[in-house]
Amino acid sequence: MKGNKKRGYVLEHEVETFWKNFGAKCKRVFASGQYKHLGDDFEGDVQLEGLTIECKRRKNGFKELYKWLQDADILVVRSDRNKRLYVFSEELFAEFASKGADKSETEIDKEK
């Protein structure tokens, strides 16, 4: 396995391990989505509770994002004519996920 491919695999494995340890249904996608034409089970890099996760790892490519997050819990970015993206730490995401998992379906329906 070449360097960049290996680094990507390591990130995918880290994400899968984190969420499995958290108790979530999570699995790394075979061949990192190269066979997405075979169906939804083969899309993205990791599948988390029905969500598709695309993992990107760069040596310094996200330096600006990390800088902006130093003084905030959540970073919201948007380019013109595109949707907002929310960027936050894995730990904060897990905290949100656990709060949502603690609610019954009845409580969630009441909030709609």
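Just so it is clear, none of the values below were taken in a lab; they were calculated from the coordinates. Computed from a predicted structure; not experimentally measured. Methodologically, a virtual Cβ is constructed for each residue, glycine included, from the backbone with ideal geometry; neighbour enumeration extends over all protein chains shown.
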Exercise. Quick one: net charge of Lys5's neighbours, Cβ under 11 Å, K/R +1, D/E -1?
Worked result: +3
Exercise. Which loop-located chymotrypsin sites (Phe, Trp or Tyr not before Pro) does region 1-38 contain, where loop means any DSSP state but H, G, I, E or B and the Cβ has at most 13 other Cβ atoms within 10 Å?
Worked result: Tyr35
Seminar exercise, completed: Answer in debye to the nearest 20: the dipole magnitude of the chain about its Cα centre, from +1 Lys/Arg and -1 Asp/Glu charges placed on Cβ, is 780
For this session: Determine the relative contact order of the chain: mean sequence separation of Cα pairs under 8 Å and six or more apart, normalised by residue count, in whole percent.
Result: 15
Exercise. Counting Lys and Arg as +1 and Asp and Glu as -1, each charge on the Cβ, what is the dipole of region 61-104 about the Cα centre in debye, to the nearest 20?
Worked result: 320
Exercise. What is the calculated FRET efficiency for His37 to Asp71, with r their C-beta to C-beta distance and R₀ = 41 Å, to the nearest 0.05?
Worked result: 0.45
Exercise. What would the Debye formula give as log10 I(q)/I(0) at q = 0.14, 0.18, 0.21 Å⁻¹ for the alpha-carbon point model of region 1-57, no solvent?
Worked result: -0.34, -0.56, -0.74
Exercise. With each pseudo-label sitting 7 Å past Cα toward Cβ, what's the Thr17-Ala94 distance in nm, one decimal?
Worked result: 1.3
Seminar exercise, completed: Farthest towards the positive end of the dipole of the chain, among His37, Phe88, Ile53 and with Cβ unit charges of +1 on Lys and Arg and -1 on Asp and Glu, lies the Cα of His37
Seminar exercise, completed: The alpha-carbon pair-distance distribution computed for the chain, with 5 angstrom bins and whole-percent values, is 2, 10, 15, 18, 20, 19, 11, 4, 1, 0, 0
